[in-house]
Protein chains: 2
Amino acid sequence: MSKKAIGFIDSGVGGLTVVKQAMKQLPNESIYYLGDSARCPYGPRPQEEVVQFTWEMTNFLLEKDIKMLVIACNTATAAALETIRAGVDIPVIGVINPGSRAAIKHSKNHRIGVIGTKGTINSNVYKHTIKEKDNTIEVISMSCPKFVPLVESNQFNSSIAKKVVAETLQPLLKESVDTLILGCTHYPLLSPLIQNVMGPNVTLIDSGAETISEVSTLLDYFHLAESSHNKTASEHKFYTTGSPKLFSEIAETWLESSHLTVEKVNLQTND
Amino acid sequence: MSKKAIGFIDSGVGGLTVVKQAMKQLPNESIYYLGDSARCPYGPRPQEEVVQFTWEMTNFLLEKDIKMLVIACNTATAAALETIRAGVDIPVIGVINPGSRAAIKHSKNHRIGVIGTKGTINSNVYKHTIKEKDNTIEVISMSCPKFVPLVESNQFNSSIAKKVVAETLQPLLKESVDTLILGCTHYPLLSPLIQNVMGPNVTLIDSGAETISEVSTLLDYFHLAESSHNKTASEHKFYTTGSPKLFSEIAETWLESSHLTVEKVNLQTND
C-alpha cells in the first residue's frame, strides 16, 4: 500500500485519455500529470531530443515523490522507455506493449493497422513488438502528423478535424485491417471521427485503457496500490508547460470534471 | 526474451484450466506443470502444511530452470504466495489478485460471490483483497469441499456432479450476487453446471483467464517473453504425483490435445 501518487507524463494533453481510464479503474489512486504542451508535438523531433525532454518531465515528477511513472505518450515511450526504466528505481510503464497485446487479442484477420506520430511510426516499435509476439500478423503503419495539433488546439470536434481525419486515413481503407491501434494518446479524442472513417467493422484500440490494466497489475505486484480503507480522498494535480487555460478547457471536457487545478511549470535539463 | 519455460503448480489437475488459457494467449511459451494429485485436496489441510507442499512443488520446478512461477491454485496462493515470492528470485504470480480485479470490473450491483475450498474461504483472502480495492462491495463467500474430489476423479460431467453442484450452491441463490468468482482452479471444469444453477444473469469469473493476462504483462515487463521468431516450437511437460493415466485422461480432454507426456514424480521436502 502506498499513499503516493502515480505520475503521468505526455507531450501535451494526449495522456489525459490514459488518466481518464485511471480515474475510472483506479479510483483510490492519486494522479500527478505533467503535459509538455509548450514543446508539443514531440512526433517530428529527433529521438535524442525526445529522450532529453522525457527525462526532464520524469525528473520533475520524481521530485514530487511519485510511486510509479506512466509514460502516457507513444513517441516518448518509443524513444525513452528503456532508458528511463533503467535509470529510476520506481516501476515505469509505457503505452506500446499494452496496446500491442490488446490488438493481437482482437484481430481475427491478422491485419493490424497502427496510426501514430512520425517519431512513433518511424521507430517501427509497434511492428517490432507485435511481430515478436506473433510473426504471422501483418502490421500496416501510417503516421498522421496533423492529428496532434488539432487536439492540442482544442479543435478535435471541429469540421476541420473531420476533413483532416477523413483525408489522412483514406489510404488505410484499402488495407483491410480489422483492428486499428490508436498509437498516440492524443488520438482517442478523435476516435468518433476515426471510427466513422474506418467503418464499424474495424476495432479501435485505445492504448490508454489497456495501459491502466497493466498499471493495476503492477501496483498489485509491487504492493503499491492505495487502499480503499484509507480515509484521505485521492488527490489529482495537473501541470503544464503550456497555457493552463487551454489545458483546463480540454481536461475539464475530457475528464468531465470541473475542479481541476492546473499549474504552469517550466522544465529545465537536469544535468 | 527467454527460452525457459513458465512453471505452473497446483494441488492436482485444477491448474490445467489456467494452462489452457496460457496455451491460447501465449502460444510461444513453453509450459512445465506439476500437479500434486497424490496429496489433493489441499483445501482442508492446515496452512503450514499447504505452505510446505507448495515449497516442495516450487523447488521441483526451480530445478527445471523455469523463468516464472504461476501458483495456479487458490488454496496455495492464499497460504503461500507472499512466502514463495520473497524466497525465490523469479517472478511469482498467484490467482487471487487477477480474479478479484476482474470481478470488481464486472459487478454492477456491488455484490460479489466467491466459492472455493475451505482453506481459501477461511483465509478470507478474496474478501480482504476485494475490499482493499473497493470497500463498498459486499463479498459473500462459501466453501464447496465436495467440488475438487469430483474433478480429480474425472467425474465433472457426471449426474452426481450435477446434483452436488445444485445442492451446494442453493444457499447462494438468495444472495443476489451478479458476479461469482470461481475461487478454485478446479471449478472451471464444473462451470457449465455452476452457470446452470446460478442462472444466466450471474457472470462467472474464471481466475485462470485473468491470471494469464497478468502473466503476459509481467513477461513483457521483465523482458521474459519468448519471441515468435524463435524457430524452436514451444514444449510442454506435465508432472503429477498421482496417477499419470488419470491425469492424462483429464488433461487431454480439457486441453483438447492428444500428445501430452505425463511423468509421475515423488516430492520430498527440500531441507
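A short reminder: the numbers here are calculations on the coordinates, not readings from a lab. What you are looking at is a predicted structure, and each value in this text was computed from that prediction instead of being measured. With ideal geometry, Cβ positions are generated from the backbone for all residues, glycine too; neighbour counts draw on all protein chains shown.
So the values come out like this:
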{"item": "Exceeding the 30 Å Cα-Cα cut-off - candidates A:Lys133/A:Lys163; A:Lys64/B:Lys3; B:Lys108/B:Lys162", "result": "A:Lys133/A:Lys163; A:Lys64/B:Lys3"}
{"item": "Normalised contact order of chain A, rounded percent, pairs of Cα under 8 Å and 6 or more residues apart", "result": "28"}
{"item": "Span from the region B:70-133 Cα centroid across to the region A:163-212 one, whole angstrom", "result": "37"}
{"item": "Partner chain coverage, peptide B:127-137 - average Cβ within 10 angstrom", "result": "3"}
{"item": "For the protein assembly as shown: rounded, prolate or oblate by the Cα gyration tensor [a/c cutoff 1.5]", "result": "prolate"}
{"item": "Sparse-neighbourhood loop sites, trypsin sites (Lys or Arg not before Pro) in region B:194-271 - DSSP loop, at most 14 other Cβ within 10 angstrom", "result": "B:Lys231"}
{"item": "Inter-copy spacing of B:Ala38 label points, which lie 7 Å from Cα along Cα→Cβ, given in nm from shortest upward", "result": "6.9"}
{"item": "Cβ nearest the rotation axis (A onto B), residue from chain A and distance to the nearest whole Å", "result": "A:Thr217, 2"}
{"item": "Pseudo-label separations to other copies for A:Asp65 - Cα-to-Cβ vector, 7 Å, nm", "result": "4.5"}
{"item": "With Cα atoms, 0 to 90° folded angle of helix B:47-62 axis to chain B main axis", "result": "30"}
{"item": "Sequence-separation-based contact order of region A:27-120, relative, with Cα cut under 8 Å and 6+ spacing, percent", "result": "32"}
{"item": "Selection of trypsin sites (Lys or Arg not before Pro), region A:80-187, meeting DSSP coil and at most 14 other Cβ within 10 Å", "result": "A:Lys108, A:Lys146"}
{"item": "Simple label model, 7 Å out from Cα along Cβ direction - A:Asn157 to B:Lys174, nm", "result": "5.1"}
{"item": "Amide H partners (placed H, <5 Å) of A:Phe238, local residues excluded", "result": "A:Tyr33, A:Thr261, A:Glu263"}
{"item": "Relative exposure of A:Thr179, B:Thr253, B:Thr117, judged by other C-beta atoms within 10 Å (fewest first)", "result": "B:Thr253, A:Thr179, B:Thr117"}
{"item": "Range in chain A, longest, excluding exposed GluC sites (Glu not before Pro) [loop by DSSP; at most 12 other beta-carbon atoms within 10 Å]", "result": "A:64-234"}
{"item": "Mean separation of Cα contacts under 8 Å (6+ apart) over length of region B:131-271, as relative contact order %", "result": "18"}
{"item": "Pairwise centroid distance, computed over Cα atoms, of region A:14-29 with region B:216-243, Å", "result": "32"}
{"item": "Value at 222 nm in deg cm²/dmol, rounded to 500, when DSSP H runs of n ≥ 4 in chain A each add -39,500 (n - 2.57)", "result": "-13000 deg cm²/dmol"}
{"item": "Copy-to-copy label separations for B:Ser234, where each label sits 7 Å from Cα toward Cβ, in nm and ascending", "result": "3.3"}
